[in-house]
Amino acid sequence: MYRRTSHVHKVDVLSVDASSVLQIGDSQRLDAVSNILAVQREKAIFYENEFMFEDYSAFSIPLIPPSLTEPICIDTFHDCPYIFVRNVRVPFIAAASVVHIGSNESISLETRVVNIRHLFREEPHTGGRR
């Protein structure tokens, strides 16, 4: 792994989610996985064990990485072995995302999200008749 030295004067981050990474320094490999089951209801009443990850196939279907059909050849030239940055501002780091300052050889990120919205049904309009 070709290494370059990163010089960052200031990093400003407000919040880092539990499944996310703020990496300062070199790393060999980064892996982050996030499974999100977001339920929104007009009336916030929830019951224990009501929503389980295993009930939704989106969280269990195997992900098959894409296969390379032809070789990738990359030639790079770094005139300077240093990267100079004055300011990095990232308000939120969430959902298996990575902010990385430094060198890295391999990275794998996976996020699966299921959004559920429960809304009240309106009474059908009968034109004033009952």
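Looking at the range 55-72, which of its residues are touching a residue at least 40 places away in the same chain (Cβ under 8 Å) and farther than 19 Å from LEU109 by Cβ? Within the range 55-72, just TYR56 meets the criteria.
Identify, please: which residue in the range 41-90 is hydroxyl-bearing (Ser, Thr, Tyr) and out of contact with any Ser or Thr (no Cβ under 6 Å at 6 or more places or on another chain) and is, among those, surrounded by the most Cβ atoms within 10 Å (Cβ to Cβ)?
This residue is TYR56.
Taken together, the criteria exclude ALA58 from residues that are part of a loop (DSSP other than H, G, I, E, B) and among the aliphatic types (A, V, I, L, M). Can you tell me which residue within the range 18-54, out of those that are in contact with a helix residue (DSSP H, G or I) (Cβ under 8 Å, 6 or more places away or on another chain) and part of a strand (DSSP E or B), is farthest from ILE107 (Cα to Cα)? By that ranking, first place goes to LEU37.
Quickly run through the range 7-45 and pick out the residues that are within 13 Å of the chain's Cα centre (by Cα) and free of Cβ contacts under 8 Å to residues at least 24 places away in the same chain. Residue satisfying the conditions is ALA18 alone.
Residue-wise test of (1) under 28 Å from ARG3 (Cβ atoms); (2) of a type in the set (Phe, Trp, Tyr); (3) out of contact with any Pro (no Cβ under 9 Å at 6 or more places or on another chain); (4) at pLDDT below 90.
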site: ASP31; (1), (2), (3), (4): yes, no, yes, yes
site: VAL39; (1), (2), (3), (4): no, no, yes, no
site: PHE77; (1), (2), (3), (4): yes, yes, yes, yes
site: PRO81; (1), (2), (3), (4): yes, no, yes, yes
site: VAL90; (1), (2), (3), (4): yes, no, yes, no
site: SER97; (1), (2), (3), (4): yes, no, yes, yes
site: HIS118; (1), (2), (3), (4): no, no, yes, yes
site: ARG121; (1), (2), (3), (4): no, no, yes, yes
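When you check ARG4 against the structure, is it in contact (Cβ under 8 Å) with a residue 60 or more places away in the chain, surrounded by fewer than 10 Cβ atoms within 10 Å (Cβ to Cβ) and within 26 Å of SER103 (Cα to Cα), yes or no? So ARG4 does not fit the description; no. Within the range 91-118, the set of residues being surrounded by 14 or more Cβ atoms within 10 Å (Cβ to Cβ) and in a strand (DSSP E or B) comprises ILE93, VAL98, VAL99, HIS100, ILE101, ASN104, ILE107, LEU109, THR111, ARG112, VAL114.
The values are calculated or read from the model by the stated rules, or taken from the named source; none is laboratory data. Small disclaimer: the values here were computed from a predicted structure and weren't measured. Note that we place each Cβ from the backbone using ideal geometry, even for glycine, and neighbour counts take in every protein chain shown.
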